[in-house]
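Step one of this worksheet: look at the structure below.
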Amino acid sequence: MEESSANNRPSLLGRGCTGVFVMLTMCFALWGVLNNMTDNLVPAFQKIFMTSQSTAGYVQVSFYGAYSVVALLASFLIQRAGYRVGVLAGLGVYVAGALLYVPACVAQSFWLYIAGIFIVAGGCAVLETTCNPYVLALGDAATAVRRLNFAQMFNPVGSFAGIVLAQQLILAHLNPATAEDRLAMDPEQLSGIVHGELFWVCVPYVGLCAIAAAIWLFFFLSKPTDADRPEKDRAPISTVLRILFHSPRWYCGVVAQVFYVGVQIAAWTWMNVYCQKELGVTPAQGASYYLIALCLFIACRWICTFLMKWFDPAGMMAAFAALAVVSSAGVMYLPSTVLFTVGSLPFSANVLCLCAMSGFMSLMFPTIYGIGLGGIDSRAHKLGAAGLIMAIVGGALLTPWMAAIIDNPGVWANLVPTFDATVDPNLHASSMSLRASFIVPAICFAVVFAYAVAFRRRRTS
């Protein structure tokens, strides 16, 4: 992991930090797995518990709500106890939440699962609040953003694994019985089916406890480094807040992060529906476009991290954000005429733009994070990190905005007046409303572009 200082470039990692860095990258992959597995619990619980879509949506409310609550508490923990203790706490909270899935399965309780999801997400929030600034602290400040991008490369790899685990272990074991079939069953038969389905919900979450325990044991047995020692002379909270709110790169970074996380979750949420409507594919085929987009996201993040040796991260992000705005326009206005087919998957110009959008998103989260914390007083790093992680609540704020446009485009329909406004009874959406909703990603990427341009010449010092 450690680089030579050829051409007088500072090393990627500080001396003796390789083992810690490797374990931290495993944490990045772990919460990537959990994030994307949890997304699939919404349709799973809707079928298992026969709830409405709104009730099943409490899965996302619980998950993202935990980030908005726990991240701030995590910042106070790592300020007083250090990064190492923060990692131990985050992993411990995750294990506790995952083990709660077992009694939830036995009791067949939806709300006990929601509590478990909140605790699991709380553990992820502690880990993200801790691991991101921890990685920034493991070496020269000049390579901090590249170092964080390198660690973040393993997050989408975990996300991909989470999708596969959810499909193969959770969704594949759902009983094909419809809601009408289930209502007609006697209680004992229905209970047996539900128990089997919930057992497979538990399997991946409880199984990942073994990985979490191995990482926990490593940090428990390792000696604290200079980067993760608690602060001896902590600044008063008033001083820290004054530092942060006099640091435009930080508070503008929080705003940019809200819009970035919002657009990532919103665009991926409606990707399947868009492909079904525009190309007439099945839901299973629509999921294949999501996997393609995620592979592109992973590949671009790895490539961009390598290129950061020679190019300014903020400048790269500005270019990608501009291209993402262009891609959003392509999703809104390009035709859905099939250009070519790969296997059974048709591709049109607008769907190609939709997939390309994921590639352009690839470097945004870690780069915004690195720029936001870079160069500000170190006394404010931990609380500042919490603010940037709390910005993940953007996923809960902007996804409903796209949904509202899809349900009722209203004035937004004037953006795409030439497209079909007929509502598909199965998708509850029209081509016009779906296309109009992608004005939300265009606005979000424009905010990220503005942030990147504003701070592209203010390098971390």
Legend entry - Residue check for SER327: free of Cβ contacts under 8 Å to residues at least 40 places away in the same chain and surrounded by 21 or more Cβ atoms within 10 Å (Cβ to Cβ): yes
Inset, instruction - Just name the residue that is surrounded by the fewest Cβ atoms within 10 Å (Cβ to Cβ) out of those in the range 179-204 that are free of Cβ contacts under 8 Å to residues at least 24 places away in the same chain and among the hydrophobic types (A, V, I, L, M, F, W, C). - result: ALA184
Inset, instruction - Of the numbered conditions (1) assigned to a helix (DSSP H, G or I); (2) in contact with a Lys or Arg (Cβ under 7 Å, 6 or more places away or on another chain), VAL393 fails exactly one; give the number of that condition. - result: (2)
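One line per residue, one yes/no per condition, for (1) crowded, with 19+ Cβ neighbours inside 10 Å; (2) at pLDDT below 85; (3) more than 27 Å from ILE298 (Cβ to Cβ):
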residue	(1), (2), (3)
MET357	yes, no, no
GLY370	yes, yes, no
ALA385	yes, yes, no
ILE389	yes, yes, no
PRO400	no, yes, yes
PRO409	yes, no, yes
THR418	no, no, yes
ASN426	no, yes, yes
PHE438	yes, no, no
Inset, instruction - Go through VAL61, VAL33, VAL120, VAL102 for me and flag whichever is assigned to a helix (DSSP H, G or I) and farther than 14 Å from TYR205 by Cα. - result: VAL61
Inset, instruction - List every residue pair whose Cβ atoms sit under 9 Å apart, with the two residues 6 or more apart in sequence or on different chains, where the first one lies in the range 20-41 and is over 20 Å from VAL164 (Cβ atoms) and the second, anywhere, is basic (Lys, Arg) and modelled with pLDDT of 85 or more. - result: VAL20/ARG84
Inset, instruction - State the number of residues belonging to the range 210-238 that are surrounded by fewer than 18 Cβ atoms within 10 Å (Cβ to Cβ) and modelled with pLDDT of 85 or more. - result: 8
Inset, instruction - Would you mind stating whether MET308 is at pLDDT 90 or above and either in contact with a strand residue (DSSP E or B) (Cβ under 7 Å, 6 or more places away or on another chain) or closer than 20 Å to PHE455 by Cβ (or both)? - result: no
Inset, instruction - Among the residues of the range 400-421, write down those that are under 30 Å from the mean Cα position of the chain (by Cα), among the hydrophobic types (A, V, I, L, M, F, W, C) and over 17 Å from SER328 (Cα atoms). - result: ALA404
Legend entry - Residue that is nearest to GLN264 (Cα to Cα), among those in the range 415-445 that are touching a helix residue (DSSP H, G or I) at 6+ places or on another chain (Cβ under 6 Å) and assigned to a loop (DSSP other than H, G, I, E, B): PHE438
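The values are calculated or read from the model by the stated rules, or taken from the named source; none is laboratory data. Quick caveat: nothing in here was measured; it's all calculated off a predicted structure. Cβ coordinates were reconstructed from backbone atoms using ideal geometry, including for glycine residues, and neighbour counts include every protein chain displayed.
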